[in-house]
Amino acid sequence: MKLLSVASEIYPLIKTGGLADVAGALPGALAGQGVQVRTLVPGYPAVIARLGKAKAVRRYDALFGAGASVLAATVDGLDLLVLDAPDFFAREGGPYGDHGGNDWNDNWRRFAALSRAGADIAADGVKGWRPDIVHVHDWQAAMTAAYMRFGPAAQVPKVVTIHNLAFQGRYSAGIFPDLGLPPEAWGVDGVEYYGGTGYLKAGLVSADAITTVSPTYAQEIRSAVHGMGLDGLINGRVDRLHGILNGVDTDIWNPATDGLIAKPYSARALGGRAANRRALERRFGLDHDGAPICIIVSRLTWQKGMDMMIDAAEHLVAMGGKLAVLGSGDHPLEGALLGAADRHRGRIGVQIGYDEPLSHLMQAGGDAILIPSRFEPCGLTQLYALRYGCVPVVARVGGLADTVIDANEAAVGAGAATGIVFMPSDPLALHGAINRLIDLHGDKLAWQAMQRAGMRADFSWRHSAAKYADLYRALMAEAA
Ligand code: ADP
C-alpha cells in the first residue's frame, strides 16, 4: 500500500510539538504493516538544509503566485517530498510565525499551497509513484482533503487526523476566490465556517475518516466544552471518527541507549537514575538532596494548565519538593515562572526555550512530571516519562486519562499503578495531587513499583500502527 502523508512538521527536521514526533515516527511503524509512506512537508530552511541530493519531481511556474517545485529526498530514513517554495517557506523564524511569536499573515496561502501540492500528487503521482491513500495532519494540511474532493483525486481515500482541535486555520471569507476551489466548495458542506473560511473544518467534512490521537479525546470533542465549535460537525460524522493513541519512538526514547542522558539505565537497575538526577540538579541549580524533583517540559500555555503552576510551584516548594521547568510560550507565564525561580533558588529552576537534548535528561533525572492540562489530545511527555521511570502526575483528560493508571489503593495493591491522576483540572485538585506525590515519594518501595510498572507498559507504535493500517485497508475496500 502506498500512502502520502502531508504534515507541516516532522521530527527530526522541524518540530514545535507532538505533531512532529508522530509524523516522524509513524512511517517507520507503518512500514512493518506493509504501508509505504512518503511525507510531503514544507521546504523550511531547516528542511532544505538537510536534503543533500534531492531530485525535483514536480514544478510549478506559479503555485499561489510563487515559483515552486517538489523535491524528493530521503533523510534519516524518511522518504520525503519537500515543497520548495522560497517565497512561502524560506524565512527566519518558526514554521508558523516570526521569532516574536507573531503568525505570518500569509499562512492561509502558505498552507493552501502545501495542501494543493498534496492534492496534485494524489491526482498525478510523482515519477510513476501514485498514492493509494492520503493521510493529512491538522489544519495546515487539512485542505488537501478538500482539494482532492473537489478535484481529480476525489476517489482516493483520505484521512484527516486532529492533533489539536484548538488550532483550526480560520480565515476570512474574502480569501475563498483565491483558493482555486470551485464555487460549490463554498457552503456548509465545504470550506465555509461560521461565515469565514475554515481549513480544518473543510478537511473534516471532506475526509473519508477522521482520526484523533486518543480514544478519550475522540469522545471529548463531541461535547460543547471540548468541541471548539466543531462538535456539531463531529457528532454528525461520528461513524467516521476513530481515536487511535499515539505511540513512542522507542529507539529515540530508550533510557538504556539514550546518548543524551548522563548515564543509561533500565527498569532492573534504577540506581542508574541517580547520576541523571545529579546532572539535572546541576543543570538547574537545584539543591542536592533527596527531595523529589518534579519536572515540566511543555509549551507554557493555558491549555497546558501552566497558569495554575505559579501557585502550585509555591505549594510544591512548601511541601519540600523541587521543580525544574523547560518550556516557552506565553510571555507573562514565562516571566512568572522565572520570578518563582528567583524567589526559591535551589528549589525551583527554570529554562525558557526549546531544548530537545535537555528534555531527555529531565525525563531521566526527574522523579515526577507534572502535566495539569485543561485538555490534552494525546500528550507525549507522559509517555516518555513512563518509559524513563519519571512518574507522571496528570489531569484526567484526553490521552492522559488513557495512558496513566492512578495510584489508588486497588491499583497499588495490584502493582498496576503508574502515576497520579487528578480531576478536575483546577488548582485545588492540582495541590491535592502534589500532596499525594510527596506522600508516595516517601514510600520508596511503592514509588519504585510505580516506576517499574510504567517502564514495563508498552506504548510503542506497534499497536497503533496496526490500527491505522486496518483503517486504511477498510477505506480502500470501501473505495474499490
Ligand atoms: P503538544 O504537541 O501539545 O505541545 P505533546 O506532549 O503532544 O504536546 O508533545 C510535545 C513534544 O514537544 C514532546 O516531544 C516534548 O518533549 C516536546 N517539547 C515541548 N516543549 C519542549 C521544550 N521546551 N524543549 C524541548 N522539547 C519540548
Handout entry: Meets criteria (of a type in the set (D, E, K, R), crowded, with 17+ Cβ neighbours inside 10 Å and assigned by TED's automatic domain parsing to the domain that holds Lys467) for Arg130
Key = no
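Please verify whether Asp106 is in the same structural domain as Leu181 (by TED's automatic domain parsing) and more than 16 Å from the ligand (Cβ to nearest atom), treating the condition exactly as stated. Spell out how you get there, then give the answer.
Numbers: in the same structural domain as Leu181 (by TED's automatic domain parsing): yes; more than 16 Å from the ligand (Cβ to nearest atom): yes.
Yes.
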Exercise for the section: Could you list, in sequence order, all residues of the range 12-42 that are hydroxyl-bearing (Ser, Thr, Tyr) and crowded, with 20+ Cβ neighbours inside 10 Å? Expected result: Thr39
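Let's see how each residue does on (1) crowded, with 19+ Cβ neighbours inside 10 Å; (2) under 28 Å from the mean Cα position of the chain (by Cα); (3) touching a residue at least 60 places away in the same chain (Cβ under 8 Å):
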{"site": "Gly259", "(1), (2), (3)": "no, yes, no"}
{"site": "Gly271", "(1), (2), (3)": "no, no, no"}
{"site": "His288", "(1), (2), (3)": "no, no, no"}
{"site": "Lys304", "(1), (2), (3)": "yes, yes, yes"}
Handout entry: Among residues of the range 13-40, those that are within 16 Å of the ligand (Cβ to nearest atom), closer than 17 Å to Leu81 by Cβ and part of a loop (DSSP other than H, G, I, E, B), counted
Key = 1
Fill in the blank from the handout: Among Ala364, Ala416, Ala395, the single one that is in the same structural domain as Val297 (by TED's automatic domain parsing), away from the ligand (no atom under 12 Å from the Cβ) and over 25 Å from the mean Cα position of the chain (by Cα) is Ala416
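Would you be able to tell me the number of residues in the range 68-83 that are open to solvent by 40 Å² or more (accessible area, probe 1.4 Å) and assigned to a strand (DSSP E or B)? Lay out the reasoning, then the answer.
From the range 68-83, those open to solvent by 40 Å² or more (accessible area, probe 1.4 Å) are 74, 76-77, 79; that's our starting set.
Filter once more, so that each one left must be assigned to a strand (DSSP E or B): 74, 79.
Residues that pass the stated criteria total 2.
Looking at Tyr60, is it surrounded by fewer than 23 Cβ atoms within 10 Å (Cβ to Cβ) and within 16 Å of the ligand (Cβ to nearest atom)? Steps first, answer last, please.
Values: surrounded by fewer than 23 Cβ atoms within 10 Å (Cβ to Cβ): yes; within 16 Å of the ligand (Cβ to nearest atom): no.
Criteria not met by Tyr60.
Residues of the range 43-57 being part of a loop (DSSP other than H, G, I, E, B), open to solvent by 30 Å² or more (accessible area, probe 1.4 Å) and modelled with pLDDT of 95 or more, which ones? Spell out the reasoning first.
Pass one, the range 43-57, residues part of a loop (DSSP other than H, G, I, E, B): 43-44, 49-54.
Now narrow it down to the ones that are open to solvent by 30 Å² or more (accessible area, probe 1.4 Å): 49-50, 52-54.
If the condition is that a residue be part of a loop (DSSP other than H, G, I, E, B), open to solvent by 30 Å² or more (accessible area, probe 1.4 Å) and modelled with pLDDT of 95 or more, then Ala49, Arg50 are the ones that fit.
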Practice task
Please work out which residue is farthest from Val297 (Cα to Cα), limiting yourself to the range 310-334 and to residues that are within 16 Å of the ligand (Cβ to nearest atom) and assigned to a helix (DSSP H, G or I).
Solution key: His331
Exercise for the section: Kindly indicate the residue of the range 133-153 that is among the small types (Gly, Ala, Ser) and assigned to a loop (DSSP other than H, G, I, E, B) and also surrounded by the most Cβ atoms within 10 Å (Cβ to Cβ) among those meeting that condition. Expected result: Ala153
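Can you find a residue that is basic (Lys, Arg) and not in a helix (DSSP H, G or I) anywhere in the range 235-242?
Let us first name the residues in the range 235-242 that are basic (Lys, Arg), namely 237, 240.
Now restrict to residues that are not in a helix (DSSP H, G or I): 237.
Yes; the residues of the range 235-242 include at least one that is basic (Lys, Arg) and not in a helix (DSSP H, G or I).
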Practice task
Take Asp208 and decide whether it is open to solvent by 10 Å² or more (accessible area, probe 1.4 Å) and within 16 Å of the ligand (Cβ to nearest atom).
Solution key: no
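Condition check ((1) farther than 18 Å from Gly190 by Cα; (2) under 20 Å from the mean Cα position of the chain (by Cα); (3) within 16 Å of the ligand (Cβ to nearest atom)) across all residues:
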site: Ala73; (1), (2), (3): yes, no, no
site: Leu81; (1), (2), (3): yes, no, no
site: Asp84; (1), (2), (3): yes, no, no
site: Arg91; (1), (2), (3): yes, no, no
site: Gly94; (1), (2), (3): yes, yes, yes
site: Ala117; (1), (2), (3): yes, no, no
site: Val136; (1), (2), (3): no, yes, no
Fill in the blank from the handout: When restricted to Asp289, Asp355, Asp307, the only residue in the same structural domain as Gly432 (by TED's automatic domain parsing) and under 19 Å from Pro372 (Cβ atoms) is Asp307
Problem - Selection status of Gly271, at pLDDT below 95 and not hydrophobic (A, V, I, L, M, F, W, C) - result: yes
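Among the residues of the range 102-122, which ones are touching a residue at least 60 places away in the same chain (Cβ under 8 Å) and either open to solvent by less than 50 Å² (accessible area, probe 1.4 Å) or in a loop (DSSP other than H, G, I, E, B) (or both)?
First pass over the range 102-122, keeping only residues touching a residue at least 60 places away in the same chain (Cβ under 8 Å): 107-112, 114-118, 120-122.
Listed by number, the residues that qualify are Asn107, Trp108, Arg110, Phe111, Ala112, Leu114, Ser115, Ala117, Gly118, Asp120, Ile121, Ala122.
The values are calculated or read from the model by the stated rules, or taken from the named source; none is laboratory data. These figures come from a predicted structure and were not determined experimentally. Reconstructed Cβ throughout: ideal geometry from the backbone, glycine too, with neighbour counts over all protein chains shown. Just so you know, the surface numbers come from the protein's heavy atoms only, side chains and all, with ligands and any DNA or RNA stripped out. Shrake-Rupley method; radii C 1.70, N 1.55, O 1.52, S 1.80 Å.
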